[in-house]
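I have placed the structure first, in the form of structure tokens, so that the comments after it can refer back to it.
The values are calculated or read from the model by the stated rules, or taken from the named source; none is laboratory data. Worth saying up front: this structure is predicted, and the values here are computed from it rather than measured. Cβ sites come from the backbone with ideal geometry, for glycine too, and all protein chains shown count toward neighbours. With ligands, DNA and RNA removed, areas are computed over all heavy atoms of the protein, side chains included. Shrake-Rupley method; radii C 1.70, N 1.55, O 1.52, S 1.80 Å.
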Amino acid sequence: MIIPNPVRTEDRDGSRIRSPGLLMRLGEMYAGQDDYLKASKYFTEALGTYRDVDDNGGEANALFALARIHRLQDEYNQAIPLYTKALEIYTKICDRPGRALVLWNLAEVHRARNEYNCAVPLYSESLQISTEICNREGRAEALTGLADVHRVQREYIQAVTLYSEALQIHTEIGNRQGKADALSSLGDMHRLQEEYSQAVASYTEALQIRAEIGDRRGKAGTLWGLAEVHQLREEYSQAISLFSESLEICTEIGDREGKADALSSLGDVHRLQDEYSQAVAFYTEALRIRAEIGDREGKAGTLWGLAEMHRLRDEYSQAISFFAASLEICTEIDDRQGKADALSSLAEVHRLQGEYNQSFTLYSEALQIQAEIGDKQGKANTLWNLAEAHRLREEHSQAFAFFSESLKICIDIGDRHREALALEGLADVHCEQDHYCAAIHHYEQAAEVYKHIGRTDDAADALEAADNVRQLLEENAVLQAFASSSSEGRPAEGLGAPTSAPETGGSLFRASKPVDVDQNQRMMRKRSFGQVARSPEAVNTSNPFERRNAGDMSLSELQPKSSVTAGE
């Protein structure tokens, strides 16, 4: 482990002029200004002074502060050994608040690296300690960290429970910043579950608080979430207005990453309205900013948007090129979630071109990653797409198996929209095999789910499909009666000969309800890649601003004052 080599600050006669406590406060001041170079300088100097006077508590605080500076700059390999050393000292001196604090920050590092199995036990231990020492703010932050893990794994029911508990704590202790953050996160959860009225209510309350406390960066993020709701409702003019307001704030406060996110989202809105020239202009500007600031994750997302635009225009070679570029970046930066989503998108393009073997290979690779990182919703989506590819090849047993597995996952995680889509997929398979009663049952089940979640148009479509199959069933009964009477040498009572023989494989059903070439449009609602779910129509867009606003615990915020200034 590499520990910084402290450099002493001396006055003209060679004596030290600043106490370690003062150096720590100076470091915190510069850290608050995002001047990490100066902050690191003062924390390193304080570290050396604490060691000189053999102050273990002060040494641990300085190590923690240095580790946090590295974490905030995404320098995780440098942060981990410093946190580990600080944790060792806090444990040795029985400093439980310090230990809880380091555990939370270590969990944040592992969460940022998509190492969720490592993050969860660290958050949980931090939560336990904070509960035992009655540190309510620390408890709220640990709950939020656990909620964030469930969120990124698309386990929204669990995330909502944890965010709600954190919200209650922040409200009770009067932490308005924490309350606004929790409300925004709950707004995201409602949006991702298509509970748009609840999402708007949460976002609106969060916006009011952010305006009152002057949190402009947070306001930009909440505006982004609210804009997403309008985009998902196809209320594009409202979405453009809110994304533009978010863009304006980010420009004014110098938040270039937020500016690129807003530009990319504006590109998405224009893409969804088939306004491709405007979309390209926004995407291009977003790409330029991301290249300048080194935002490779964001660049991968914007490339996804460009790829999706070409896919929607049936320009498959260009789409493959951009999806492949996005995949390459995600692979290089070890963004396994992004890699899985890019693989699924590439598979979808091959499926649309009838290149099923290539699509199966890519879907399978995506499935493996999603299983490894615990992305249940992503796995459900990929299984749905695999099922659809097999259905289109009339490989009904495989299609049935994959639709069934997708349905089970959706029920387990409470994703009712995709539950309905999987039911419709099963109904399609039954219909194509002339299992008409089973098809009717599944369409009606899907309609009930759609009705329950307020998707009345989709419910009507599912009921119409059920009626079409029911009509087909009745026509088949008539035809069978005619065939039976003809075999006896007489026409059926009240029936004449049919004008044409029935087609096999459910073609009468298809005539009344054509099967979409791109059924994935039905599977996943409009979205953009830079957010959680990366499919043409997924609803799981999470707030890109959350990459920077996930909540941050510093010594000055959560550590008792006596610990912060130990050795001063």
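What the table shows:
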item: Filtered residue count, segment 432-455, keeping only those that are more than 19 Å from Asp415 (Cβ to Cβ) and open to solvent by 80 Å² or more (accessible area, probe 1.4 Å); result: 3
item: Those residues of segment 24-54 which are of a type outside the set (Val, Ile, Thr), over 38 Å from the mean Cα position of the chain (by Cα) and surrounded by fewer than 18 Cβ atoms within 10 Å (Cβ to Cβ), in sequence order; result: Arg51, Asp52, Asp54
item: Hits in segment 146-164 - residues which are basic (Lys, Arg) and open to solvent by 10 Å² or more (accessible area, probe 1.4 Å); result: Arg151
item: Number of the exception - Ala371 against (1) out of contact with any Phe, Trp or Tyr (no Cβ under 6 Å at 6 or more places or on another chain); (2) in contact (Cβ under 8 Å) with a residue 24 or more places away in the chain; result: (2)
item: Selected residue [assigned to a helix (DSSP H, G or I), open to solvent by 20 Å² or more (accessible area, probe 1.4 Å) and not β-branched (Val, Ile, Thr)] from Leu186, Leu143, Leu167; result: Leu167
item: Neighbours by Cβ (under 7 Å, 6+ apart or cross-chain): first from segment 378-396, outside any helix (DSSP H, G or I); second open to solvent by 10 Å² or more (accessible area, probe 1.4 Å); result: Arg393/Tyr356
item: Among residues of segment 123-180, those that are closer than 30 Å to Arg418 by Cβ, touching a residue at least 40 places away in the same chain (Cβ under 8 Å) and acidic (Asp, Glu), counted; result: 2
item: Hits in segment 364-376 (condition: on the phi < 0 side of the Ramachandran plot and surrounded by fewer than 24 Cβ atoms within 10 Å (Cβ to Cβ)); result: Ser364, Glu365, Leu367, Gln368, Ile369, Ala371, Glu372, Ile373, Lys376
item: Any pair with Cβ under 7 angstrom, 6 or more apart, that starts in segment 285-298 at a residue that is free of Cβ contacts under 8 Å to residues at least 60 places away in the same chain and ends at one that is in a helix (DSSP H, G or I) and polar (S, T, N, Q); result: Ala286/Ser264; Ala286/Thr302; Leu287/Thr302; Arg290/Thr302
item: Per-region count, segment 211-239, residues part of a loop (DSSP other than H, G, I, E, B), in contact (Cβ under 8 Å) with a residue 12 or more places away in the chain and open to solvent by less than 70 Å² (accessible area, probe 1.4 Å); result: 1
item: All positions within segment 166-202 that are touching a Lys or Arg at 6+ places or on another chain (Cβ under 8 Å), within 29 Å of Gln377 (Cα to Cα) and hydroxyl-bearing (Ser, Thr, Tyr); result: Ser185, Tyr196
item: Residue within segment 87-101 that is open to solvent by less than 40 Å² (accessible area, probe 1.4 Å) and closer than 22 Å to Leu37 by Cα present; result: no
item: Hits in segment 461-477 (condition: farther than 14 Å from Cys437 by Cα and open to solvent by 70 Å² or more (accessible area, probe 1.4 Å)); result: Asp461, Glu464
item: Among the candidates Ser321, Ser345, residue that is closer than 26 Å to Tyr236 by Cα, among the polar types (S, T, N, Q) and part of a helix (DSSP H, G or I); result: Ser345
item: Number of positions in segment 292-317 that are open to solvent by 70 Å² or more (accessible area, probe 1.4 Å) and either assigned to a helix (DSSP H, G or I) or aliphatic (A, V, I, L, M) (or both); result: 5
item: Residue match in segment 422-432 (condition: among the acidic types (Asp, Glu), farther than 17 Å from Tyr450 by Cα and within 25 Å of the chain's Cα centre (by Cα)); result: no
item: Criterion violated by Ser130 - all others in (1) surrounded by 24 or more Cβ atoms within 10 Å (Cβ to Cβ); (2) under 19 Å from Asp181 (Cα atoms) satisfied; result: (2)
item: Output for segment 398-436, where each listed residue is at pLDDT below 95 and of a type in the set (Ser, Thr, Tyr); result: Tyr436
item: Some residue of segment 274-282 being open to solvent by 50 Å² or more (accessible area, probe 1.4 Å), in contact (Cβ under 8 Å) with a residue 24 or more places away in the chain, assigned to a loop (DSSP other than H, G, I, E, B) and acidic (Asp, Glu); result: yes
item: Test: residue in segment 105-118 that is hydroxyl-bearing (Ser, Thr, Tyr), open to solvent by 20 Å² or more (accessible area, probe 1.4 Å) and assigned to a helix (DSSP H, G or I); result: no
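The rows are residues; the columns are (1) part of a helix (DSSP H, G or I); (2) within 27 Å of Val429 (Cα to Cα); (3) in contact with a Ser or Thr (Cβ under 8 Å, 6 or more places away or on another chain).
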{"site": "Lys339", "(1), (2), (3)": "yes, no, yes"}
{"site": "Ser359", "(1), (2), (3)": "yes, yes, no"}
{"site": "Glu365", "(1), (2), (3)": "yes, yes, no"}
{"site": "Glu372", "(1), (2), (3)": "yes, no, no"}
